[in-house]
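Peer 1: This is the structure I want to talk about, given as structure tokens.
Every number in this text was worked out from the coordinates using simple rules, so none of it is lab data. Everything numeric in this text was worked out from a predicted model, so none of it was measured. Methodologically, a virtual Cβ is constructed for each residue, glycine included, from the backbone with ideal geometry; neighbour enumeration extends over all protein chains shown.
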Amino acid sequence: MLRRASMLLACRPILAARARPFSTDLPAAPSADATFTEAWTKVIPNMDPPKTPLSFMQPRPPTPSSIPSKLTVNFVLPYASELATKEVDMVIVPATTGQMGILPGHVATIAELKPGVLSVHEGSEMTKYFVSSGFVFIHANSFADIIAVEAVPLDRLDVNLVQKGLAEFTSKLSSATTDLEKAEAQIGIDVHSALNSALTG
Amino acid sequence: MALAALRREGRRFAPMISPHPITALRSSPLAPSLEDEGPIGVRYISTQVVRNRMKSVKNIQKITKAMKMVAASKLRAIQTKAENSRGLWQPFTALLGDLPSADVKKNVVVTISSDKGLCGGINSTSVKISKGLHKLNSGPEKETKYVILGEKAKAQLIRDSKKDIELIITELQKNPLNYTQVSVLADEILKNVEYDALRIVFNKFHSVVSFVPTVSTVLSPEIVEREAESGGKLGDLDSYEVEGGETKGEILQNLAEFQFSCVMFNAVLENACSEQGARMSAMDSSSRNAGDMLDRLTLTYNRTRQASITTELIEIISGASALEG
């Protein structure tokens, strides 16, 4: 029992900023927090104010004056962080306006993703994922955050099931009556045709 | 009552027998009489009551130990999920910052709590923080509404804030938590509730013994635009180019909804972890208390038993010496 408890304690993540004892740089100046904590202590003096996400985040480096050589990528899914602050050369994301390549020094952008292939280029190797949808934020300091709902490596996809799904949703679209059904069938067709082109192309 | 009557009868039948020692009884916390009448007026103190009590305390200890084991195994299962989902809200905070002190007209406080009890004080903490936020954001034109997840917060908030509650959702953990379920839930909330700012109150899981109450703020796209124009924290949001979509507003709308569902997912997982952790420590202290109680009862039991043996011996010996002398 004690062993299990100590194992649980050991697995505790070290994300909390206060876990770093001798950091010379303070967490991103919590000025919004300061107004919040002040307002809180005025109205409710008995309780400690609740913490906010800002105190749990590691601060991001500021925009450098020259373009850095590598792009730092955070690729997160609800179930895992696929890539966490990984330095790569280039990332190609399936934005709604088409395939978008992101290199270090890209202008700050917010883009929505559509179902498609995401490829990460590091030196000579390239990893491809099929992404269902999500968002990508490119910051001025050559940090790229890609948040996707689902992402699978391409070799995990089954061609036959993709074809079957595409046929199924096409038939659903033709037999759909309400707008909701039509929209759902259209989404299914979009995703499956993207899957198809990802596997063949 | 019956034993007291029997005792009075005994005194009438056997006036010769010396009054029974009451030293053993003084230390026991049990008020009802432990004496019993045996044949020919021999009195012995019964240990039945203490023994019953010991049996029930031991059963309680076994149950609380088992509950602690169950909570530990559930915690292990859900902790990995929660830790993996921690990366999900960080990009949003990096982009949009965190503005818990944003001044808005329509506040919605989403309180996340558990359905089952016996988990220590985490639900009360969440409710207290929610009420604090309500107070903080009350003003002439401002209003605060509640959306409640979980039975425990519902029971506490329905008593005094019934008219402010918009939506109540329970039985969240019937099926294992997954993103699809939470995003459907987020969709429901966004559809039915008008909001300028959503404040999600939950307990963040730090370790098995430490849970920190946290509030995450999600602002509606209009407020985000307003804050971006006025400068300050979100000032450089305008420098971001927005790809795709017809207007920037459309993308920001999608962004706000996505942010809400991601933050909710993480919050629900963290709260579930905190619940299991709190239940573990509550059941652990309960088993320890039961153990202490059992030790005290064992001492009482032994004292009672020895006192009854001593009484019997005294009676026999005094009876024998009365016959001789």
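Peer 1: What is the average number of partner chain Cβ atoms found within 10 Å of a Cβ in A:106-113?
Peer 2: Taking the mean over all residues of the peptide, I get 6.
Peer 1: For segment A:46-201, compute Rh as the Kirkwood radius over C-alpha pairs and then the Stokes-Einstein diffusion coefficient at 25 °C and 0.890 mPa s; write the answer in µm²/s, rounded to an integer.
Peer 2: Stokes-Einstein gives a translational diffusion coefficient of 140 µm²/s.
Peer 1: How would B:TYR146, A:TYR79 line up from fewest to most surrounding beta-carbon atoms within 10 angstrom?
Peer 2: So the residues, fewest neighbours to most, are A:TYR79, B:TYR146.
Peer 1: Further question on the same structure: Suppose R0 equals 35 Å. What FRET efficiency, 1/(1 + (r/R0)^6) with r the Cβ-Cβ distance, do B:ASN59 and B:GLN181 give to the nearest 0.05?
Peer 2: So the FRET efficiency works out to roughly 0.40.
Peer 1: Per 0.36 nm of contour for each residue apart, how much would the distance between B:LYS191 and B:LYS162 grow if the chain were fully extended, relative to their Cα-Cα spacing?
Peer 2: Between B:LYS191 and B:LYS162, full extension yields 8.4 nm more.
Peer 1: Another question, then. Taking square-rooted eigenvalues a ≥ b ≥ c of the alpha carbon gyration tensor, is segment B:130-178 rounded, prolate or oblate, where a/c under 1.5 means rounded and, failing that, a/b exceeding b/c means prolate? List each step's numbers first, then the result.
Peer 2: Numbers: a/c = 2.86, a/b = 2.18, b/c = 1.31.
Prolate, since a/c reaches 1.5 and a/b exceeds b/c.
Peer 1: Shifting gears a bit: Which whole-Hz couplings ³J(HN,Hα) result when phi for each residue of segment B:252-264 is put into the Karplus expression 6.51 cos²θ - 1.76 cosθ + 1.60, θ = phi - 60°, listed in order with x for Gly and Pro?
Peer 2: Using θ = phi - 60°, the values come out as 5, 5, 4, 4, 4, 5, 5, 4, 4, 5, 5, 5, 4 Hz.
Peer 1: Report the far tail of the P(r) of segment B:199-325, meaning the percent of Cα-Cα pairs longer than 19 Å.
Peer 2: Working: 5785 of 8001 pairs.
I get 72 percent for the Cα pairs in segment B:199-325 exceeding 19 Å.
Peer 1: Is segment A:97-137 rounded, prolate or oblate when judged by the Cα gyration tensor, a ≥ b ≥ c being the square roots of its eigenvalues, rounded requiring a/c under 1.5 and prolate requiring a/b larger than b/c?
Peer 2: oblate
Peer 1: Now for a different question. Using the alpha-carbon centroid of each, what span in Å lies between segment A:145-181 and segment B:129-162?
Peer 2: One Cα centre to the other: 41 Å.
Peer 1: Which part of segment B:107-143 falls in the paramagnetic zone of B:ARG226, meaning amide N under 15 Å from the point 7 Å along Cα-to-beta-carbon?
Peer 2: Only B:107-108, B:137-143 fall inside the zone, counting backbone N under 15 Å.
Peer 1: Greater than 18 Å separation of Cα atoms is the criterion. Which listed pairs, B:LYS106/B:LYS152; A:LYS42/B:LYS106; B:LYS142/B:LYS163; B:LYS68/B:LYS204; B:LYS106/B:LYS145, meet it? Walk me through the intermediate numbers first.
Peer 2: On the way: B:LYS106/B:LYS152 25 Å; A:LYS42/B:LYS106 21 Å; B:LYS142/B:LYS163 15 Å; B:LYS68/B:LYS204 20 Å; B:LYS106/B:LYS145 8 Å.
Result: B:LYS106/B:LYS152; A:LYS42/B:LYS106; B:LYS68/B:LYS204 exceed 18 Å.
Peer 1: Let me ask another. Treating the Cα atoms of segment B:174-229 as identical point scatterers in vacuum, please give the log10 of the normalised Debye intensity I(q)/I(0) at q = 0.14, 0.20, 0.24, 0.27 Å⁻¹, two decimals.
Peer 2: The calculated log intensity ratios at q = 0.14, 0.20, 0.24, 0.27 Å⁻¹ are -0.59, -0.95, -1.06, -1.09.
Peer 1: Just want the ordering: B:LYS174, A:LYS114, from fewest to most Cβ atoms lying within 10 Å of their own Cβ.
Peer 2: On the way: B:LYS174 9, A:LYS114 19.
Sorted ascending by nearby Cβ count, the order is B:LYS174, A:LYS114.
Peer 1: If you don't mind, another one. Applying the Karplus parametrisation 6.51 cos²θ - 1.76 cosθ + 1.60 with θ = phi - 60° to the phi angles of segment B:75-85, what ³J(HN,Hα) value in whole Hz is obtained for each residue in order, glycine and proline being reported as x?
Peer 2: For segment B:75-85, the Karplus-derived couplings read 4, 4, 4, 8, 5, 4, 4, 5, 5, 5, 7 Hz, x marking Gly and Pro.
Peer 1: Another question about this same structure. Classify segment A:118-201 as rounded, prolate or oblate from the Cα gyration tensor: take a ≥ b ≥ c as the square roots of its eigenvalues, call it rounded if a/c is under 1.5, otherwise prolate when a/b beats b/c and oblate if not.
Peer 2: Judged from the Cα gyration tensor, segment A:118-201 comes out oblate (a/c at least 1.5, b/c at or above a/b).
Peer 1: Sorted from largest down, what three extents in whole angstroms do the Cα atoms of segment B:120-220 have along their principal axes?
Peer 2: 42, 29, 26
Peer 1: Over all directions, the average projected area of the alpha-carbon convex hull for segment B:160-267 comes to how many nm²?
Peer 2: The orientation-averaged projected area of the Cα hull of segment B:160-267 comes to 9.8 nm².
Peer 1: Fewest first, what order do A:ARG156, B:ARG296, B:ARG53 take by the number of other Cβ atoms within 10 Å?
Peer 2: With the sparsest Cβ surroundings first, the list reads A:ARG156, B:ARG296, B:ARG53.
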